Amino acid sequence: MYPELGQLALILALLLAVLLSVVPLVGALTGRDSLQAFARPLASGMFVFTGLAFAILAHAFLVDDFSVAYVANNSNSMLPWYYKFSAVWGGHEGSLLLWALMLSGWTLAVTIFSRKLPSVMISQVLSVLGMIAVGFFLFVIITSNPFDRLLPNIPADGRDLNPLLQDIGLIMHPPMLYMGYVGFSVAFAFAIAALINGRLDAAWARWSRPWTTVAWAFLTVGIALGSWWAYYELGWGGWWFWDPVENASLLPWLSGTALMHSLAVTEKRGVFKSWTVLLAIVSFALSLLGTFLVRSGVLTSVHAFASDPERGSFLLMLLGITVVASLVLYAFRAPVVHVRSRYGSLSREVFLLFNNVLLVSATALVGIGTLYPLVLDYLEMGKLSIGEPFFNTTFSPLAVATGLLLGVGIFSRWKKTDGGWLARKLLWPLALSTAITAAVMIGYGGFTPWAFLGVFAAVWVTVATFWDLWDKSSSRNGRLYGLRRQSRSYWGMVLGHLGVAMVMAGATIVSNYGIERDVRMQPGDSAMVGDYRIVFTDIGQREGPNYTSEYGSFDVYLDGKQVSELHPEKRNYTVGMSMMTEADIDAGLFRDVFVAIGERISDEAWAIRVQYKPLVRWLWLGALVMALGGFLAIADKRYRIRVSKEKEAKVIQPDASGKTAEVTS
Amino acid sequence: MHPIRKKRLIIVLFLMAGIAIAVGLTTYALRQNINLFYDPTQIAAGEAPTDVRIRAGGMVEEGSIQRESDSLKVQFRVTDYSASVPVQYDGILPDLFAEGQGVVAMGRLNSEGLFVADQVLAKHDENYMPPEVAESLERAEKSRADAEKAAQSASY
């Protein structure tokens with residue numbers, strides 16, 4: 001009975017989405033307030049019914065209702081309850097329902113947090129979100145209905161959740177990632193609404209900025225969680241594989257990062273408007289592309305379990321309609337926008353422009369590397385793959401260049417920066433960064449040009465960020481007062497940039513100084529990895545709730561002292577008969593020691609992988625710091641306090657020296 | 001020239017230079033890092049280049065896995081049931097690597113016809129078959145059927 005109600009709720013949500021995509025838009029175009037007033041109730045209703053559908057599906061999982069095909073395929077009565085719950089988005093249908101839930105959640109959030117926006121604007125934004133929702137509800141209902149029944153032959157038990165997904169990282173990774181993907185739909189909707197009514201101004205930028213930032217922050221966390229999960233669960237210690245599915249999430253992140261920065265320029269200085277709109281469209285299109293790549297089955301990976309060509313073509317159609325429609329609108333409306341502000345060639349505007357050029361180049365690079373093999377395959381021009389070396393050789397220089405530019409850009413001023421002043425300003429931070437980098441190189445004992453560049457870029461960003469913070473926080477009333485006077489959005493920027501530096505440092509150090517060894521061991525043997533001695537003490541059978549495992553025991557010694565005891569496992573999940581390697585990691589802020597069991601080679605001996613991973617944690621900590629910066633930035637006062645007309649004209653944030661001033665709006 | 005135009009020109013030139021460098025790097029890197037796929041029949045026929053990083057795939061031949069007793073070196077044959085190629089690998093094989101399973105190996109073919117793999121991929125699902133392998137098996141199946149038909153018609 002319940003599943004049919006879920007189906008009904010989905011259909012009702014679709015109907016509400018159809019109304020939402022038409023009624024408020026007509027109201028906005030014809031200037032009828034009565035029609036615009038429908039926007040909020042419709043959006044709320046859509047959320048309620050999607051939530052209901054989601055809750056019913058979750059209920060079906062928790063009570064083991066195997067008459068529902070999706071539950072039977074993705075769950076099992078032996079699963080612990082939390083995996084039953086996360087299995088809701090463990091497969092194709094449920095994860096799309098989650099997508100739809102997120103979308104209606106974001107739509108609801110727009111209705112709640114945008115009360116001060118003009119009614120015309122909000123109606124258009126909500127209508128655009130409604131249109132996207134129509135597409136996805138249709139997709140779920142027509143091609144991927146999670147409520148399909150297996151009647152009358154109800155299976156006695158389910159086929160179990162893929163053991164790879166039975167993990168805490170995978171409970172959280174998809175919702176976070178989807179929050180990010182779907183979040184860009186809000187920035188997209190704002191851009192489309194602005195194009196429709198031709199109001200591409202600073203106010204528009206200020207409205208869409210927090211939405212973009214928060215979507216970006218979620219996406220950052222989602223990507224980091226995926227990487228962390230791959231590290232301990234899937235990758236034998238690798239943290240990024242340039243797998244097309246990973247790239248699919250990196251693409252909107254890169255263009256979203258560009259969008260955040262260009263929105264800053266549009267808000268503060270009123271320039272780059274057309275560019276910003278284009279980036280908003282591109283970021284959302286890339287989110288859709290990511291969903292298409294992962295969900296259509298064109299890629300074979302852990303993510304694409306069930307593939308069905310019908311689904312792929314439907315998603316491709318959605319993507320096509322979105323891109324073509326928004327670009328046509330862009331082509332007709334964007335030239336209306338005029339730019340009046342001027343800026344010098346060394347201004348902060350120009351530095352942010354270069355930031356955008358680098359980030360968009362990186363997006364293009366990753367895009368080419370990901371799509372080129374797919375396109376060739378589709379055109380039947382041969383099967384090929386583009387491996388990690390391609391991405392490593394092309395992406396690293398761009399990342400380093402972005403870091404170097406970032407450090408300079410931090411010191412630049414809006415409108416105009418004096419070249420001589422900037423050069424003098426950079427001298428000491430540069431010297432300090434070089435010294436620190438040299439010290440790090442000596443500490444890790446080995447110089448390679450790439451390691452040096454990567455570490456230098458990270459140190460340089462850190463030094464420049466703190467230097468600027470020091471400059472800005474000097475105050476007659478003492479340092480503490482000066483620090484406290486900084487706005488939350490400034491602190492957000494500081495954290496965001498420090499997070500970038502941490503990721504750069506982590507990536508460089510672990511790639512250049514990490515040690516990975518595959519060794520043949522039997523109980524009693526020991527192996528060295530870096531300064532650590534790993535002793536294989538024992539291995540034996542163990543029973544888990546839904547698996548049996550070979551349970552290994554290893555002691556880790558440093559300088560003759562035992563630092564930890566690790567228990568990697570080789571699990572055999574009984575229902576699906578699938579083997580899983582569970583690595584065990586002695587995690588630390590500055591290094592991880594990683595042990596994983598490979599296959600059994602003889603009666604006694606096993607293949608064992610031992611790894612020393614310096615600074616690997618910084619990758620994910622850095623991402624968290626970045627995301628924290630994003631959340632801090634949207635907590636800035638100016639988004640909450642309604643700035644009156646008089647105040648808007650006034651100078652709000654004179655900087656420490658008082659030489660220049662930022663003008664909001 | 002008008003100073004604003006000059007400034008714009010400089011910015012545009014910078015952008016062009018940046019894009020040119022990016023395109024150059026991309027094509028260079030692409031040329032270095034494209035890994036073409038070959039099936040055992042193609043490799044046995046000598047169609048695959050030696051000492052270039054390529055991908056090869058097929059089914060692991062029954063009874064072909066040989067391990068060395070003192071290291072992780074392993075040798076096995078990959079087949080599409082028409083031809084087979086010896087593959088050597090030093091390292092940990094994936095969980096679902098087994099005889100009769102589909103695999104894709106990355107590596108180089110040496111002059112003796114031995115495929116030295118640096119990476120072996122199998123999938124985390126026993127029903128999964130890498131698409132390239134599935135296709136090459138189909139092709140091999142078809143050409144065998146054609147050959148049989150030809151043989152039959154020849155005998156008439």
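Things to note:
- Residue in the stretch A:55-63 that is part of a loop (DSSP other than H, G, I, E, B) and within 18 Å of A:PRO155 (Cα to Cα) present: yes
- Among the residues listed as A:GLU380, A:GLU349, the single one being surrounded by fewer than 19 Cβ atoms within 10 Å (Cβ to Cβ), within 13 Å of chain B (Cβ to nearest Cβ), more than 22 Å from the chain's Cα centre (by Cα) and among the charged types (D, E, K, R): A:GLU380
- Test: residue in the stretch A:15-32 that is within 22 Å of A:ILE132 (Cβ to Cβ), open to solvent by 20 Å² or more (accessible area, probe 1.4 Å) and either charged (D, E, K, R) or touching a strand residue (DSSP E or B) at 6+ places or on another chain (Cβ under 8 Å) (or both): no
- Residue pairs meeting the criteria (Cβ under 7 Å; at least 6 apart or on separate chains; first within 10 Å of chain A (Cβ to nearest Cβ) and over 12 Å from B:ILE65 (Cα atoms), in the stretch B:85-96; second of a type in the set (S, T, N, Q) and part of a strand (DSSP E or B)): B:ASP95/A:THR581
- Residues satisfying the stated conditions in the stretch B:25-36, i.e. among the β-branched types (Val, Ile, Thr), open to solvent by 40 Å² or more (accessible area, probe 1.4 Å) and either at positive phi or facing chain A (nearest Cβ under 7 Å) (or both): B:ILE34
- Matching residues in the stretch B:43-59 - criterion: being more than 11 Å from chain A (Cβ to nearest Cβ) and under 20 Å from A:LYS383 (Cβ atoms): B:ILE43, B:ALA44, B:ALA45, B:GLY46, B:GLU47, B:ALA48, B:PRO49, B:THR50, B:VAL52, B:ALA56, B:GLY58, B:MET59
- Selection within the stretch A:352-372 - under 19 Å from A:VAL294 (Cα atoms), facing chain B (nearest Cβ under 9 Å) and either outside any helix (DSSP H, G or I) or open to solvent by 20 Å² or more (accessible area, probe 1.4 Å) (or both): A:ALA364, A:ILE368, A:TYR372
- Counted residues, the stretch B:30-63 - those being touching a Ser or Thr at 6+ places or on another chain (Cβ under 8 Å) and of a type in the set (Ser, Thr, Tyr): 2
- Residues in the stretch A:597-613 that are part of a strand (DSSP E or B) and among the β-branched types (Val, Ile, Thr): A:ILE597, A:ILE608, A:VAL610.
- Residue list for the stretch A:460-474, restricted to those being open to solvent by 20 Å² or more (accessible area, probe 1.4 Å) and touching a helix residue (DSSP H, G or I) at 6+ places or on another chain (Cβ under 6 Å): A:THR462, A:TRP467, A:SER474
- Note on the stretch A:449-459: residues that are more than 14 Å from A:PRO397 (Cβ to Cβ) and open to solvent by 60 Å² or more (accessible area, probe 1.4 Å) total 0.
- Flag if A:LEU426 is over 22 Å from the mean Cα position of the chain (by Cα), open to solvent by less than 50 Å² (accessible area, probe 1.4 Å), under 29 Å from A:THR276 (Cβ atoms) and away from chain B (no Cβ under 13 Å): yes
- Each residue in the stretch A:324-340 was checked for being modelled with pLDDT of 80 or more and surrounded by fewer than 17 Cβ atoms within 10 Å (Cβ to Cβ), and 7 pass.
- Scoring A:ALA633 on the criteria (1) within 16 Å of A:GLN486 (Cα to Cα); (2) at pLDDT 90 or above; (3) open to solvent by 50 Å² or more (accessible area, probe 1.4 Å) leaves a single failure, condition (3).
- If the condition is being touching a strand residue (DSSP E or B) at 6+ places or on another chain (Cβ under 7 Å) and without any contact (Cβ under 8 Å) to a residue 12 or more places away in the chain, then the stretch A:509-546 contributes A:ASP525, A:SER526, A:GLY540, A:GLN541.
- Lone qualifier among A:GLY387, A:GLY344 - being in contact with a strand residue (DSSP E or B) (Cβ under 7 Å, 6 or more places away or on another chain) and either within 11 Å of chain B (Cβ to nearest Cβ) or open to solvent by 20 Å² or more (accessible area, probe 1.4 Å) (or both): A:GLY387
- For the stretch A:58-71, filtered to residues that are in contact with a helix residue (DSSP H, G or I) (Cβ under 6 Å, 6 or more places away or on another chain) and open to solvent by less than 70 Å² (accessible area, probe 1.4 Å), the residue that is nearest to A:THR107 (Cα to Cα) is A:ALA58.
- Verdict on A:ASN74 being surrounded by fewer than 18 Cβ atoms within 10 Å (Cβ to Cβ) and at pLDDT below 90: no
- Scan of the stretch A:370-406 for residues that are hydrophobic (A, V, I, L, M, F, W, C) and modelled with pLDDT of 85 or more, ordered by number: A:LEU371, A:PHE390, A:PHE391, A:PHE395, A:LEU398, A:ALA399, A:VAL400, A:ALA401, A:LEU404, A:LEU405, A:LEU406
- Scan of the stretch A:390-400 for residues that are of a type outside the set (S, T, N, Q) and within 9 Å of chain B (Cβ to nearest Cβ), ordered by number: A:PHE390, A:PHE391, A:PRO397, A:LEU398
The values are calculated or read from the model by the stated rules, or taken from the named source; none is laboratory data. Computed from a prediction, not measured in an experiment: that's the story for all the values here. With ideal geometry, Cβ positions are generated from the backbone for all residues, glycine too; neighbour counts draw on all protein chains shown. Ligands, DNA and RNA are stripped out before the accessible areas are found, and what is left, the full protein with its side chains, is counted by its heavy atoms. Shrake-Rupley method; radii C 1.70, N 1.55, O 1.52, S 1.80 Å.
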